[in-house]
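The values are calculated or read from the model by the stated rules, or taken from the named source; none is laboratory data. This structure is a prediction, so every number in the text was calculated from the model and none was measured. Here the Cβ positions follow ideal geometry from the backbone for every residue, glycine too, while neighbour counts run over all protein chains shown. Just so you know, the surface numbers come from the protein's heavy atoms only, side chains and all, with ligands and any DNA or RNA stripped out. Shrake-Rupley method; radii C 1.70, N 1.55, O 1.52, S 1.80 Å.
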Amino acid sequence: PHNNVHNLIVISLGIIFFLYFFIQNRKNINLNFFLFAYLLSFGLIFFFKSHDDFSYYHLSFITNLTLNKVQFGIGNFDPAFNHHSSLFFFHSLFKTIFTKDYFYFIGQAGIVLFTNTILLENIFKKSKNFQINSSFYLSLFFLVFINIFFYRLAEHGTDRSAQILFFLAFVLTINIFELKKFSNKIFEQLIIIFTLIVTLKSFYLLYSTLLFVIYFKYFNYKNVVSFLKNFPIILFSSSIFILLLFYNIAHTGCLIYPVSFLCYDEFFWGYGSEKVSDYMTWYELWSKAGATPNYRVENITLYLTGLNWVPNWIDNYFFNKFSDFFFGVLLTILIFIFIFKPRQLKFKNFKNYTYIYILLLILFLEWFLQHPALRYGGYVLVFLILTFPIALFLENQKFIYKKKTNSIKFLVSLILIIFFSRNIDRLINESKVYNYNLFENPYYNVQKKFYTMQRYKKKDFKEYEKCYPENSLYIVKCKKFFGYNIYYYN
């Protein structure tokens, strides 16, 4: 269990290692970009209302990790517990006597801070005679996206954090292509980032195919063994992936939930392939606007057949949620063109990135046909498909950094003004609606009766540590196995 003693030890070790490596490398470290991004993050971390799923199951999941060790079949209490994320495990390390339940924003905030630091360094750490390339423009585009489109941290959940990291992975990928030769260092960074992405949300495993595009550009299948020897980090990432599979099996009986053909009825504590298939249908229905908290189509099978769902999706999702985002991206592109003032219509280098762009289109097609909700990868795919060609177009203008310094500073200043304006407006609104005063009580709201599992037996889930033989209300049974609780139905 991630209890107080366990967490204080982990945090203390983290501080010790940080100080050690900082002292070892202090001559090579420039803290300016980090400190700037850190100050910027103060506009994010103050909020009253958390993500909609926070009180539904995020907080319950984290609390369970702080009270108990590994449990099997916990998804039988609520299907939401099948959606585990490394973000929950990370957050559970910050439940201490000092922080209580009020530090569960650090994962999302850390990812924003981390990404902003690298993007700012990519933008400003350039020589005066640097010829601006596509990765530079992409860094600017992504700085706009993260701080204007994703300005409200409370809405990030697990989906947006994974998409932010994919932006960063995409910039690093373009960096490799621009170097004209393979970079071991950047590829190692990509492996680490994709490991994080996949553990945040399992279905982003599809996005890791970008690594194969890079591999086959510089190597072939005959080089696999020597390639693996050069990257021992792959073994570490593989161990993390195995842990991911283990937790999927422990909670759901599936290797990857909710992929029904990867679920096995032999795991008696699991949901079984048929039941998971029903949930998979439900998730698809919800993402295709066939269900809301107040509405559901009558014939689900007919609705999901072929493209029958498209007209309703256009009426109820494309207008206005998708269209607002789409036109926001177009406005961003127009602002870039207005600021940088390109003179020649050239896409000279686009052929070098053909396979990457085709991969983006394939991922977009999979997204549209299977789960066309922006939170499920749509934000990053739509934004990249629209802005990546513009970044290549601007690269062909061959602008020199020193001649565009004022334009760059103006654009970054505009980002900061909009970012702080939107967050100030948000805080004023939360003050009116929720009576939130960040000077008197800066913490977000935690509902005391938040724990999803408490409704199944008495009031306190700690009672389940005794492993009741049967739950008379919901027919959830329990067995002890080497000190572990295994919950099941039959």
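With respect to Phe227, determine if the residue is aromatic (Phe, Trp, Tyr) and under 25 Å from the mean Cα position of the chain (by Cα). No: the conditions fail for Phe227.
Within the stretch 52-67, identify whether any single residue is in a loop (DSSP other than H, G, I, E, B), open to solvent by less than 30 Å² (accessible area, probe 1.4 Å) and not acidic (Asp, Glu), and answer yes or no. No. Pairs linking a residue in the stretch 188-201 that is in contact (Cβ under 8 Å) with a residue 24 or more places away in the chain to a residue that is hydroxyl-bearing (Ser, Thr, Tyr) and not in a helix (DSSP H, G or I), with Cβ atoms under 9 Å and 6 or more positions apart or on different chains, are Thr199/Ser85; Leu200/Ser85; Leu200/Thr158; Lys201/Ser85; Lys201/Thr158. Provide a single number: the residues in the stretch 2-33 that are open to solvent by 100 Å² or more (accessible area, probe 1.4 Å) and either in contact (Cβ under 8 Å) with a residue 40 or more places away in the chain or within 17 Å of Phe114 (Cβ to Cβ) (or both). Qualifying residue count for the region: 4. The residue list Thr99, Thr117 contains one member that is among the polar types (S, T, N, Q), open to solvent by 10 Å² or more (accessible area, probe 1.4 Å) and outside any helix (DSSP H, G or I), which is Thr99. Of the residues making up the stretch 390-423, those that are in a helix (DSSP H, G or I), more than 26 Å from the chain's Cα centre (by Cα), of a type outside the set (A, V, I, L, M) and surrounded by 14 or more Cβ atoms within 10 Å (Cβ to Cβ) are Phe393, Glu395, Tyr401, Ser407. For the stretch 151-187, the candidate set comprises residues that are touching a Phe, Trp or Tyr at 6+ places or on another chain (Cβ under 9 Å) and free of Cβ contacts under 8 Å to residues at least 40 places away in the same chain; within that set, the residue that is farthest from Leu87 (Cα to Cα) is Lys181. Across the stretch 129-144, the number of residues qualifying as assigned to a loop (DSSP other than H, G, I, E, B) and buried (at least 24 other Cβ atoms within 10 Å of the Cβ) comes to 0. Determine, yes or no, whether Arg152 is open to solvent by 10 Å² or more (accessible area, probe 1.4 Å), of a type in the set (Lys, Arg) and under 21 Å from Ser202 (Cα atoms). Taking the combined requirement at face value, the residue does not satisfy it. For the stretch 430-444, filtering for residues that are touching a helix residue (DSSP H, G or I) at 6+ places or on another chain (Cβ under 7 Å) and open to solvent by 40 Å² or more (accessible area, probe 1.4 Å) leaves 2.
Every condition in (1) of a type outside the set (Phe, Trp, Tyr); (2) surrounded by 14 or more Cβ atoms within 10 Å (Cβ to Cβ); (3) at pLDDT below 95 is met by Asn220 except one, and the failing one is (2).
Filter the stretch 237-292 for residues that are hydroxyl-bearing (Ser, Thr, Tyr) and not in a helix (DSSP H, G or I) and give the result. Matches in the stretch 237-292: Tyr257, Tyr264, Tyr271, Thr292. Residue selection: Asn122 satisfies the criterion of being over 29 Å from Lys479 (Cβ atoms), without any contact (Cβ under 8 Å) to a residue 60 or more places away in the chain and not in a loop (DSSP other than H, G, I, E, B). Taking every residue in the stretch 334-357 that is more than 17 Å from Phe136 (Cβ to Cβ) and open to solvent by 100 Å² or more (accessible area, probe 1.4 Å) and pairing it with any residue that is part of a loop (DSSP other than H, G, I, E, B) and at pLDDT 90 or above, at least 6 positions away or on another chain, the pairs with Cβ-Cβ distances below 7 Å are Arg343/Gln397. Of all residues in the stretch 178-201, those satisfying the criterion of being part of a helix (DSSP H, G or I), open to solvent by 20 Å² or more (accessible area, probe 1.4 Å) and either farther than 22 Å from Leu244 by Cβ or hydroxyl-bearing (Ser, Thr, Tyr) (or both) are Glu178, Leu179, Asn184, Lys185, Ile186, Thr195.
Note on the stretch 308-330: residues that are surrounded by 13 or more Cβ atoms within 10 Å (Cβ to Cβ) and out of contact with any Pro (no Cβ under 7 Å at 6 or more places or on another chain) amount to 14.
Within the stretch 69-86, can one find any residue that is assigned to a helix (DSSP H, G or I), open to solvent by 10 Å² or more (accessible area, probe 1.4 Å) and among the hydrophobic types (A, V, I, L, M, F, W, C)? So far as the stretch 69-86 goes, no, none of its residues is assigned to a helix (DSSP H, G or I), open to solvent by 10 Å² or more (accessible area, probe 1.4 Å) and among the hydrophobic types (A, V, I, L, M, F, W, C).
A residue that is free of Cβ contacts under 8 Å to residues at least 24 places away in the same chain, open to solvent by less than 30 Å² (accessible area, probe 1.4 Å) and not hydroxyl-bearing (Ser, Thr, Tyr) occurs somewhere in the stretch 223-240.
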